[in-house]
Amino acid sequence: MRFSAEQAKDANYACAAFTLVILLARVAGSRRRQRPIDLSFFLVVLSILVVVARIVIVYYYLLYGTGSDALRDAEYFNTHNLDQIKKGSILSLVARVLITTSCWLQVCLLLLFYKGIMHGIQWVSWMIKLTWAATGASFVAVVLVTLLECRPLRLYWQVEPDPGSCVKSYAQLLLQCAANIVLDLMLLAISYPILVHSKGRDWKQHLRVGTLFVFGTFCIIVTSLRLASIYDSSSAQPTRSLWASIQMLTATFVANAPTIYGDLQTVKRKKSEAVARRTSLPEVWRDSEAGCPDLPLPERAATHSSIQSRKEWFDHLEDIDDVR
């Protein structure tokens, strides 16, 4: 199925907007919980910058057109405007590097997530190290093929004579999609112990564990659909752009959903604990007052068995204020 440049632009805006919401939600959750700034924080910030840069670049290369589209549909672009076609072709290469960077950054975020929750399982630790190596090697390979599939580079924006099939970038597409699927399968293998050790949990926990596998499988399905659709459209640039936007959103959601969910659960638990403490405080004061009617109020509270010192009492009050 072939899409128009306008449809690709709309998809780019919509997917980029949702992607930024997800990434900003993760940053906000991290700051809300006052977690130390670590590698994952910088990777999220870098992902935001990549998404913003891609929004701008996709707009312009869809406006200018590329050499591949000019060859496929002479009426769609003005083949005499070679300067714009050159700019559009160069920008499309940059956009392909950016979408690769975005997707691979999400793989890195998932690896950091799994390392934190399953560091005690030896074979998983080795699998994580292997996936790190595969991630780095595949990223370099995809970027090199993106830039070197047509040699010399000017073939990407050459219209006459015909530069050949390299301008359709099938090798780049195939390598990128294949690497994506392999990395997704490796991530599924890493998360397998979570499913194995989920016996004895309630149905809600089983649902959360199963969702991880559904998300990973969904990424593979999206990648496969992207590959088939682009081949069907003869590698039309609007179609490539639209499916790249969808895959960017999918990868971002899958990589960040577990962390955002954990942040929401933590906030919910702290609020529940604060409400429970606030509810119990009148009883503490009342019991203390009954047992030690002659003591000042703070000292009476300090004698209660559940709060052993005045400092601990004020710590409780500070916790409640923090949650508020």
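None of the figures in this text is laboratory data; all of them are computed from the coordinates on show. Computed from a prediction, not measured in an experiment: that's the story for all the values here. We place every Cβ from the backbone using ideal geometry, glycine too, and count neighbours over all the protein chains shown.
How large is log10 of I(q)/I(0) for the stretch 56-197 at q = 0.10 Å⁻¹ when the intensity is taken from the Debye formula with one equal scatterer per alpha-carbon?
-0.45
What ranking of CYS166, CYS108 emerges when the number of other C-beta atoms within 10 Å of each C-beta is taken as an exposure proxy, fewest first?
Exposure proxy ranking, most exposed first: CYS166, CYS108.
Roughly how many debye, to the nearest 20, is the charge dipole of the stretch 5-268 about its Cα centre, given +1 on each Lys and Arg Cβ, -1 on each Asp and Glu Cβ, and no other charges?
1160
Taking the Cβ of each residue in LEU49, LEU185 as the centre, tally the other Cβ atoms inside 10 Å and list the residues starting with the fewest.
LEU49, LEU185
Which whole-number percent gives the relative contact order of the stretch 40-148, counting Cα pairs below 8 Å spaced six or more residues apart?
Reported as a whole number, the value is 28 percent.
Give the residue from VAL94, GLN265, LEU24 lying farthest towards the positive end of the charge dipole for the stretch 5-268; charges sit on Cβ (+1 for Lys and Arg, -1 for Asp and Glu) and the dipole is referred to the Cα centre.
In the stretch 5-268, that residue is GLN265.
With a bin width of 5 angstrom, please list the P(r) values of the stretch 5-268 as percents of all Cα-Cα pairs, from the 0 bin to the one holding the largest distance.
1, 6, 13, 16, 18, 15, 11, 8, 6, 4, 2, 1, 0, 0
Taking the Cβ of each residue in VAL107, VAL44, VAL140 as the centre, tally the other Cβ atoms inside 10 Å and list the residues starting with the fewest.
Result, fewest neighbours first: VAL140, VAL44, VAL107.
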